[in-house]
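The values are calculated or read from the model by the stated rules, or taken from the named source; none is laboratory data. Just so you know, these numbers come straight off a predicted model, no measurement behind them. Here the Cβ is made from the backbone with ideal geometry for all residues, glycine too, and neighbour counts use every protein chain on show. Note: areas computed on protein heavy atoms with side chains; ligands, DNA, RNA excluded. Shrake-Rupley method; radii C 1.70, N 1.55, O 1.52, S 1.80 Å.
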Amino acid sequence: MPLLMIRHTVRRSLSTLPPLTAQHYDIKRGDYSKVNDVDIELFQSVLGDRVLTDPALVEPYNVDWMRIMRGQSKVVLRPKTTQEISKIMRHCNGRKLAVVPQGGNTGLVGGSVPVFDEIIISTSLMNNVLSLDETAGVLVCQSGCVLKDLDNYLSERNLMMPLDLGAKGSCQIGGNVSTNAGGLRLLRYGSLHGNVLGLEAVLASGEVINSLSTVRKDNTGYDIKQLFIGSEGTLGIVTAVSILTPVRPKSVNVALVCCDTFEQVQSVFVTGRKLLGEILSAVEFFDSSCYQLVKKHLSLSLPLSSHHQFYVLIETAGSNHSHDEEKLSLCLEELMSSNVIINGTIATDYTKMKNIWNCRELIAEAINKEGVTYKYDVSLPLKCMYELVDIMRERLKDKALCVLGYGHIGDGNLHFNAVGGSHSKELLDLIEPFIFEWTADRKGSISAEHGLGFKKANFINYSKTDETVSLMRRFKDLLDPKGILNPYKTLPRIH
Ligand code: FAD
Ligand code: MLT
Ligand code: ZN
């Protein structure tokens, strides 16, 4: 069942190339072999012409979505089957050749691109649906299926993917699982640790671990699949995924409200949860700086005036349209009468809803167009969430072109971004490690949903104890003793 390959790719600026990661950061290449002609011949014997070595074709795979990281890989491998990946990995392990698994390359922490000359294994051609149990709502597919393609496929069967994110047109389910992506509806459907029923992965040795269960309940020993969820390609290459697919709601409504203080934003969330209960499916917020950039770079505009401090998007998803709409209207009335919001509007038709969602989902894209982005993704107690943005604004002053806060308020997840005109060590030093210390002091997480990748790996200790990191390292050594899978990522490089 090959999926229809309609691409709704996330646009990105294709201007100048970023600096080489190996030169920009103080980092030493690991003791890995270099790819030679014999290796290329072996790869060609397995993959035929699906081995890219032409520098012009390889280059896009070396650069990350934010255009901040640039590797120097000379070869991209494009397997179609698990067996092909197994053969490739067996060879790479024997030769001690480092590899980086790559899905849609939309990751935001530099995990999906090489640091030096690691071989890129792209899963883009592994895009088949393997089975769908419509009764149980369980989909099994190869890891290279694009999230939006899967959701389109399911929508024809009144089902949906349990996750959604702005990168849906490019990111792949294998990348989502490997980063444990959160996204816009985690509040309603929960994390991938709960939705993924099973997976298949190829270890560094080439051994295939088939844990592709399709049952909801399975208490037979250690739940090995959980180890691969969020492991960012450092423990194995995910080749197939079995995942729960909820019933697609018949009725979706979106409300947009504006507030002048972050206390009011919190009250919107509390009231929304209380009054909307089981139909609440998303609560997202963004500040006025985000709205300014979305207007400036993407010409989008909201159906409310643009001089407010905060915008909150509330989505409901249910089965009875008039009931859901009435509930949402009552919720807005309550918010207005208690002076929690300044203004609000409800969108019930697709175009209006899409427009409001675009203003939220495309913030990352608008920021990318403004300049060099310093992107952070933290979990914090709601009470002090926006305080971080205020403090950083004061701290960075005119060193940054702009400072923004947005995110998944319902999940306690803030995206703090600062934009600079160029790569600036001065700006970076003002942000790090301050932001991690501030977050750790409030018992938050320094990476709520994007992972650690290359950029955050050295800061893991702000969120994990020494003992936990040491256990992670032992798992890594067990599954990948030569350290060939996505080196320099996730685990700290300095001890
Ligand atoms: P890639 O970027 O290709 O890879 C990400 C990591 O996973 C890398 O370490 C890579 O080595 C590894 N990997 C990829 N595929 C495999 C595989 N098959 N086996 C093993 N390892 C693999 N993230 C969120 O959590 N929530 C959001 O709301 C969100 N919104 C986003 C919006 C935009 C516009 C963009 C650009 C990104 C957003 N992200 C978000 C980040 C990103 O989209 C997610 O992390 C996504 O899950 C990455 O999927 P990918 O296929 O692009 O993976
Ligand atoms: C989002 O929620 O928009 C994404 O996680 C991307 C980002 O943080 O910019
Ligand atoms: Zn996010």
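Shape verdict for the range 3-122, please, from the Cα gyration tensor: rounded (a/c under 1.5), prolate (a/b greater than b/c) or oblate.
Oblate, because a/c is 1.5 or more while a/b does not exceed b/c.
What is the log10 of I(q)/I(0) for the chain, computed with the Debye formula using one identical point scatterer on each Cα and no solvent, at q = 0.06, 0.08 Å⁻¹?
Per q value, in the given order, log10 I(q)/I(0) is -0.27, -0.48.
Given charges of +1 on the Cβ of Lys and Arg and -1 on the Cβ of Asp and Glu, with all other atoms neutral, how large is the dipole of the chain about its Cα centre, in debye to the nearest 20?
The dipole of the chain has a size of about 740 debye.
Please list, by residue number, every one of the trypsin sites (Lys or Arg not before Pro) in the range 437-495 that is coil in DSSP and has at most 14 other beta-carbon atoms within 10 Å.
LYS443
What's the local net charge at LEU313, with K and R +1, D and E -1, over the other residues with C-beta under 15 Å away?
Working: positive: ARG185, ARG188, ARG273, LYS352, LYS354, ARG360; negative: ASP164, GLU284, ASP287, GLU315, GLU361, ASP411.
That works out to 0.
May I ask you to derive the FRET efficiency for THR351 and GLU134 from their Cβ-Cβ distance with R0 = 41 Å, giving the value to the nearest 0.05?
The calculated FRET efficiency here is 0.85.
Tell me, which longest segment in the chain has none of the GluC sites (Glu not before Pro) that fall in DSSP loops with at most 16 further Cβ atoms within 10 Å?
208-495
May I ask for the angle, rounded to the nearest 10°, between helix 387-396 and the longest principal axis of the chain, with both axes built from Cα atoms and the value confined to 0 to 90°?
70 degrees
Stretched out fully, how many nm does the piece from SER337 to SER301 gain, at 0.36 nm a residue minus the Cα gap?
Using 0.36 nm per residue and subtracting the Cα-Cα distance, I get 10.3 nm.
Calculate, for GLU437 and SER319, the FRET efficiency according to 1/(1 + (r/R0)^6) with r their C-beta to C-beta distance and R0 60 Å; round to the nearest 0.05.
Taking R0 as 60 Å, the efficiency between GLU437 and SER319 is 0.80.
Note down, for the range 251-363, the three equivalent ellipsoid semi-axes (square root of 5 times each alpha carbon gyration tensor eigenvalue), biggest first, whole angstrom.
They are 22, 17, 11 Å, listed from largest to smallest.
So which lysines can LYS250 reach, going by Cα to Cα under 18 Å and dropping same-chain residues fewer than 8 places off?
The reachable lysines, counting only those whose Cα sits under 18 Å from LYS250, are LYS327, LYS352, LYS354.
With contacts defined as alpha carbon pairs under 8 Å and 6 or more residues apart, what's the relative contact order of the range 78-220 in percent?
On the way: 221 pairs, mean separation 33.5, N = 143.
Across the range 78-220, relative contact order equals 23 percent.
Go through the range 215-282 and name the trypsin sites (Lys or Arg not before Pro) that are in a DSSP coil and have 11 or fewer other Cβ atoms within 10 Å of their Cβ.
Within the range 215-282, the qualifying trypsin sites (Lys or Arg not before Pro) (loop, at most 11 other Cβ atoms within 10 Å) are ARG216, LYS217.
Can you give me the relative contact order of the chain as a percent, contacts being Cα pairs under 8 Å and 6 or more apart?
That works out to 15 percent.
Using the alpha carbon gyration tensor of the range 129-244, what are the three equivalent-ellipsoid semi-axes (square root of 5 times each eigenvalue), largest first, in whole Å?
Taking √(5λ) for each Cα gyration eigenvalue gives 21, 16, 14 Å.
Which of VAL294, VAL257, LEU332 sits closest to the plus end of the dipole of the range 251-363, meaning its Cα is farthest towards the positive end, when Lys and Arg get +1 and Asp and Glu get -1 on the C-beta?
Farthest towards the positive end: VAL294.
On average, how much accessible surface per residue is there in the range 65-149, in Å², for a 1.4 Å probe, leaving out ligands, DNA and RNA?
On the way: 2400 Å² over 85 residues.
Dividing the accessible area of the range 65-149 by its residue count gives 28 Å².
Please compute, over every Cα-Cα pair in the range 182-289, the percentage with a separation greater than 25 angstrom.
Here the long-distance tail beyond 25 Å is 43 percent of all Cα pairs in the range 182-289.
Quick one: net charge around ASP324, please, counting Lys, Arg +1 and Asp, Glu -1 for every other residue with C-beta under 13 Å from its C-beta.
-2
Add +1 for every Lys or Arg and -1 for every Asp or Glu among the other residues with Cβ under 15 Å from the Cβ of ALA400, and state the total. Mind showing how you got there, number by number?
On the way: positive: LYS375, ARG393, ARG395, LYS397, LYS399, LYS425; negative: ASP287, GLU370, ASP390, GLU394, ASP398, GLU426, ASP429, GLU432.
Net charge in that neighbourhood comes out at -2.
Nearest 500 deg cm²/dmol is fine: what mean residue ellipticity at 222 nm does the chain get from its DSSP H runs of n ≥ 4 alone, each adding -39,500 (n - 2.57), divided by its residue count?
-9500 deg cm²/dmol
Within the set LYS383/LYS443; LYS225/LYS456; LYS34/LYS74; LYS375/LYS399; LYS96/LYS464, which residue pairs have Cα atoms separated by over 18 Å? Walk me through the intermediate numbers first.
Details: LYS383/LYS443 13 Å; LYS225/LYS456 24 Å; LYS34/LYS74 10 Å; LYS375/LYS399 15 Å; LYS96/LYS464 30 Å.
Among LYS383/LYS443; LYS225/LYS456; LYS34/LYS74; LYS375/LYS399; LYS96/LYS464, the Cα-Cα distance tops 18 Å for LYS225/LYS456; LYS96/LYS464.
Count neighbours as other Cβ atoms within 10 Å of each site's Cβ, and list the chymotrypsin sites (Phe, Trp or Tyr not before Pro) in the range 175-263 that are DSSP loop with at most 15 such neighbours.
TYR222
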